[in-house]
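Engineer: Mind looking over this structure? Questions follow.
The values are calculated or read from the model by the stated rules, or taken from the named source; none is laboratory data. This one's a predicted model, so the numbers in the text were calculated from it and none came from an experiment. Heads up, the Cβs are rebuilt from the backbone with ideal geometry, glycines too, and the neighbour counts pull from every protein chain shown. Heavy atoms of the whole protein, side chains included, go into the accessibility calculation; ligands, DNA and RNA do not. Shrake-Rupley method; radii C 1.70, N 1.55, O 1.52, S 1.80 Å.
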Amino acid sequence: MTKFLEVINLVKHFPGVKANDGVNLTVHAGEVHSILGENGAGKSTLMKLIYGLYQPDSGEIRLDGKPVHFSSPRDAIRAGIGMVHQHFMLIPALTVTDNIVLGDEPGGIRYHRSEAEARVRALSEQYRLHVDPTARVEQLSVGLQQRVEILKALYRKAKLLILDEPTALLTPQETEELFAVVKHLKEQGIPVVFISHKLDEVRAIADTITVMRAGKTVQTLPIGDATPQQLANLMVGREVVLRIDKQPANPSGVVLNVENLHVVNSARQEKVRGVSMQVRAGEIFGLAGIDGNGQTELVDAIAGLLPVAGGRIHFQDQDITHLSTAERTARGIAYVPQDRQLDGLVLDFTLTENAILRDFHKHPFSKFGVMFSQPAKAYAEKLIHLFDVRPKDITRKAGDLSGGNQQKVILAREVSREPQLLIAVQPTRGLDVGAIEGIHRQLLRLRDEGKAILLVSLELDEILSLSDRIGVLHGGRLVGVVPGETATREQLGLMMTGMSQEQATKEGTTS
Amino acid sequence: MSILTNPQLWASTLAMAVPLALPAIGGTFSERTGVVNIAMEGIMLMGAFFGVSFAYWTHSAWLGAIGGMLMGGLLSAVFAWAAIRLAADQVVLGMAINIFAAGLTTFLLDTVFGYGGTPPDTPQLPTWSIPGLSHIPFVGAFFTNQSVLVYIMLILVGLSHWFLFHTRLGLRMRAVGENPLAADTAGLNVWRLRYTGVIIGGLLSALGGVYLSLGILNSFDVNMTNGRGYIALAAMIFGKWTPLGSFGASLLFGFATALGIALQGNGISANLLGMLPYVLTILALAGLVGRSKPPAADGIPYTPQR
């Protein structure tokens, strides 16, 4: 195979960080080449160097054997490099066609819109990327927006396509469709560089894998030779436990008792339709389901963020159905929200301020409305050491931390309040393997200390490896509750589509 | 009710709309590329003052109009440089430009022309009647003895719409105002496009000022724009950041002013009608009279990452 893109000993420094430190990469024509690495390993920096968004300090990039220097994305585009950024570079208010042709529109002074639409139509036929050229981008789903991004690159005659964490925002179905598109592109002779930190995806789509760690390329290996364990170890740089061994649960009394709960969301749709369930002390109760089947509304109602339309919620034998969030918090309910940056932390606040966010108005942090900084600092110091938050600097702003460390700060704050019930929604979303392992260990430690944990996750693997009991939601109803030990992916997957527990068990074993 | 059927009221509505529509469309050009522009008031003052001055110096009202536009364009270029290159706060900057222009034109009026003000023998822009159209009953009033700038404005409204929505440059300018990073990665020059938008906007706004000093009169008074730059801002918002919408809103606001004048002495306060533009703008922004949404990147400076 011919070498299409070569990166030789690339170095890029930022103040205080070596983002890329001797990176080597060879992408051959007609292959899907995956760059695997944890967040912060330097994957995005490498791609920005290749795409001309950054200039390397030293090293060389070669295209078709010839050294190239890109001083801006314009140069990279001209040389045939197409890139789909993790955060789409689209203009929501404009149409699909406008977005695709922008910068290279057909016409003279006048913009020949109909000709542009015809070209986009032809292109989407050729590459089987179907999307309505006249639709406004803001009306499209995330999966379709990604197609527009890919078409944008192809319109500019990309000879190489870089996809930066392309599945981060996609549903499982959209991911499947994307993989089909990538395979089709490969057949058409366009090599694809696929950046990811998800092991199973990389193994499903890539021909070759290059692992990056701490700004360096660690190893390049063909897909056939790589086991998930080996890849995870290469990424993290130590032995990683992909599935944690846990002690058998030792549950005691019921902490949370939900009876026939109905919840209506802000758009006035009934999202929870009569759910009854119990969570006991010393167990992890996992809630599985396809996104949008009522999980969010159910836990928001339990946390007091959404009003209850019908039914009751009991916490430690007391009716809390109509208590405010603050009162529930005071009684011992802790909440790790789905969007850690939006609902979990104040990104512009320091770690100290974030650590006392829930209790700043109480002793010992304040008295008569005056806040004391010393107890807060001591408390924050304690938390970041206990939960191994890095960097260990309480004066840092929460926004400066990596996703995994942000999640540790939230977890530390919530857990140290000694709650009786911890609600964790997607606690490892967007985190890399090393960080996921850390969060999982903490959750299990809490369980073993006798806390009740309600875990909501879209990742079946996470639900399966942590939960003692698993409830499956479909259409706002609880389809069934199965023991974690005996549950299988197939069984849960079928239940998530609304099949009853008995039927799913039967189907799951016969197929 | 006889007032409403008087064609003179409607002709006057159109005339009153000119010094609102031109800066409103000017603001539209600037904000569509992502630069919040509240400096129309100051730029109009520059256009008004230097329009008269150049007309007096060159003895030509046309050269005066061009000179006034260029001076307004120059001030908007300074504004653009600070807003785009230096990434200054655009609202504060716009306010500063307005105060600066008010002070400068007052100072220059005294220094250059003395206490007598601009000389009475300064030429004025012509008024035209359109031969065929001016004889049509009722509608004819629109085309009888109107300042030439009324007709120029009508042409500019259509031209601006075509430019923004049907040319390649227009598409690029709108893209830059919605998502400059996306435009940059698509290979567009964000800064240059923003300069283009702000300066085109400045030329149009200054022409609105020229209309006040050379179109209606042939003299300049201190602060003669009298807040029209701010009403234009309201017209731009009420018109949903489009040239046609800005023109429509300007007509409505112009009507309020014309009606106020026509009703003088009838016991209805002109000041009360003068509030109409602002009330409508608040309603438009609150989403009560059609939803009005600014360009997504309006007011956010862009710094290319390199």
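Engineer: If you check A:GLU174 against the conditions, is it modelled with pLDDT of 95 or more, open to solvent by 20 Å² or more (accessible area, probe 1.4 Å) and in contact with a helix residue (DSSP H, G or I) (Cβ under 8 Å, 6 or more places away or on another chain)?
Structural biologist: On the way: modelled with pLDDT of 95 or more: no; open to solvent by 20 Å² or more (accessible area, probe 1.4 Å): yes; in contact with a helix residue (DSSP H, G or I) (Cβ under 8 Å, 6 or more places away or on another chain): yes.
For A:GLU174, the condition - modelled with pLDDT of 95 or more, open to solvent by 20 Å² or more (accessible area, probe 1.4 Å) and in contact with a helix residue (DSSP H, G or I) (Cβ under 8 Å, 6 or more places away or on another chain) - is not met.
Engineer: I've got another one for you. Looking at the range A:177-215 only, could you name the residues that are surrounded by 22 or more Cβ atoms within 10 Å (Cβ to Cβ) and among the aromatic types (Phe, Trp, Tyr)?
Structural biologist: Matches in the range A:177-215: A:PHE194 only.
Engineer: Which of the residues belonging to the range A:66-83 are more than 9 Å from every other protein chain (Cβ to nearest Cβ), more than 20 Å from A:VAL192 (Cβ to Cβ) and part of a loop (DSSP other than H, G, I, E, B)?
Structural biologist: Across the range A:66-83, the qualifying residue is only A:HIS69.
Engineer: When A:ILE313 is evaluated against the numbered criteria (1) outside any strand (DSSP E or B); (2) in contact with a strand residue (DSSP E or B) (Cβ under 6 Å, 6 or more places away or on another chain), which criterion, by number, is the only one it fails?
Structural biologist: Checking A:ILE313 against (1) outside any strand (DSSP E or B); (2) in contact with a strand residue (DSSP E or B) (Cβ under 6 Å, 6 or more places away or on another chain), the one that fails is (1).
Engineer: Kindly provide the set of residues from the range A:66-91 that are surrounded by 15 or more Cβ atoms within 10 Å (Cβ to Cβ), over 16 Å from A:LYS152 (Cβ atoms) and not hydrophobic (A, V, I, L, M, F, W, C), ordered by number.
Structural biologist: Selection gives A:SER72, A:ASP75.
Engineer: Also, quick follow-up: Please state which of the following conditions A:PRO106 fails to meet, knowing it meets all the rest: (1) facing chain B (nearest Cβ under 8 Å); (2) assigned to a loop (DSSP other than H, G, I, E, B).
Structural biologist: (1)
Engineer: Could you tell me whether any residue of the range A:109-119 is outside any strand (DSSP E or B), within 25 Å of A:GLU177 (Cβ to Cβ), more than 11 Å from chain B (Cβ to nearest Cβ) and open to solvent by 50 Å² or more (accessible area, probe 1.4 Å)?
Structural biologist: Yes, the range A:109-119 has at least one match.
Engineer: Only one residue in A:LEU94, A:LEU63, A:LEU25 is in contact with a helix residue (DSSP H, G or I) (Cβ under 8 Å, 6 or more places away or on another chain), away from every other protein chain (no Cβ under 14 Å), at pLDDT 90 or above and surrounded by fewer than 24 Cβ atoms within 10 Å (Cβ to Cβ), so which one is that? If you could, list the steps in order and put the result at the bottom.
Structural biologist: Working: A:LEU94 fails: away from every other protein chain (no Cβ under 14 Å); A:LEU63 fails: in contact with a helix residue (DSSP H, G or I) (Cβ under 8 Å, 6 or more places away or on another chain).
Step by step, each of A:LEU94, A:LEU63, A:LEU25 is checked, and only A:LEU25 is in contact with a helix residue (DSSP H, G or I) (Cβ under 8 Å, 6 or more places away or on another chain), away from every other protein chain (no Cβ under 14 Å), at pLDDT 90 or above and surrounded by fewer than 24 Cβ atoms within 10 Å (Cβ to Cβ).
Engineer: On the basis of being free of Cβ contacts under 8 Å to residues at least 12 places away in the same chain, within 12 Å of chain B (Cβ to nearest Cβ), of a type in the set (Lys, Arg) and surrounded by fewer than 16 Cβ atoms within 10 Å (Cβ to Cβ), does A:ARG136 make the cut? Please lay out each step first, then the result.
Structural biologist: Values: free of Cβ contacts under 8 Å to residues at least 12 places away in the same chain: no; within 12 Å of chain B (Cβ to nearest Cβ): yes; of a type in the set (Lys, Arg): yes; surrounded by fewer than 16 Cβ atoms within 10 Å (Cβ to Cβ): yes.
For A:ARG136, the condition - free of Cβ contacts under 8 Å to residues at least 12 places away in the same chain, within 12 Å of chain B (Cβ to nearest Cβ), of a type in the set (Lys, Arg) and surrounded by fewer than 16 Cβ atoms within 10 Å (Cβ to Cβ) - is not met.
Engineer: Return yes or no: is A:SER44 open to solvent by 20 Å² or more (accessible area, probe 1.4 Å), in a loop (DSSP other than H, G, I, E, B) and within 14 Å of another protein chain (Cβ to nearest Cβ)?
Structural biologist: Numbers: open to solvent by 20 Å² or more (accessible area, probe 1.4 Å): yes; in a loop (DSSP other than H, G, I, E, B): no; within 14 Å of another protein chain (Cβ to nearest Cβ): yes.
Taking the combined requirement at face value, the residue does not satisfy it.
Engineer: I need every pair where a residue in the range B:169-192 that is farther than 13 Å from A:MET89 by Cβ and more than 7 Å from chain A (Cβ to nearest Cβ) has its Cβ under 6 Å from the Cβ of a residue that is open to solvent by 10 Å² or more (accessible area, probe 1.4 Å) and of a type in the set (Asp, Glu), sequence separation at least 6 or different chains.
Structural biologist: Within 6 Å, no pair qualifies.
Engineer: Would you be able to say whether some residue in the range B:137-145 is crowded, with 17+ Cβ neighbours inside 10 Å and free of Cβ contacts under 8 Å to residues at least 60 places away in the same chain?
Structural biologist: So far as the range B:137-145 goes, yes, one or more of its residues are crowded, with 17+ Cβ neighbours inside 10 Å and free of Cβ contacts under 8 Å to residues at least 60 places away in the same chain.
Engineer: Right, something else. Applying the selection to the range A:47-60, what residues are within 11 Å of another protein chain (Cβ to nearest Cβ), among the hydroxyl-bearing types (Ser, Thr, Tyr) and open to solvent by 30 Å² or more (accessible area, probe 1.4 Å)? Can you show your working first?
Structural biologist: At the first step, the residues of the range A:47-60 found to be within 11 Å of another protein chain (Cβ to nearest Cβ) are A:48, A:51-55.
Next cut, among the hydroxyl-bearing types (Ser, Thr, Tyr) only: A:51, A:54.
Correct list: A:TYR54 only.
Engineer: So A:GLN86 fits all but one of (1) assigned to a helix (DSSP H, G or I); (2) of a type in the set (S, T, N, Q); (3) closer than 24 Å to A:ALA204 by Cα; what number is the exception?
Structural biologist: (1)
Engineer: Could you list, in sequence order, the residues of the range A:224-275 that are crowded, with 17+ Cβ neighbours inside 10 Å, touching a strand residue (DSSP E or B) at 6+ places or on another chain (Cβ under 7 Å) and farther than 30 Å from A:ASP317 by Cβ?
Structural biologist: Selection gives A:ALA226, A:LEU231, A:LEU234, A:MET235.
Engineer: Counting only residues that are over 15 Å from A:ALA330 (Cα atoms) and open to solvent by 70 Å² or more (accessible area, probe 1.4 Å), how many does the range A:310-320 have?
Structural biologist: 2
Engineer: Something else: Within 12 Å of chain B (Cβ to nearest Cβ) and either assigned to a loop (DSSP other than H, G, I, E, B) or open to solvent by less than 40 Å² (accessible area, probe 1.4 Å) (or both), is that true of A:GLY143?
Structural biologist: no
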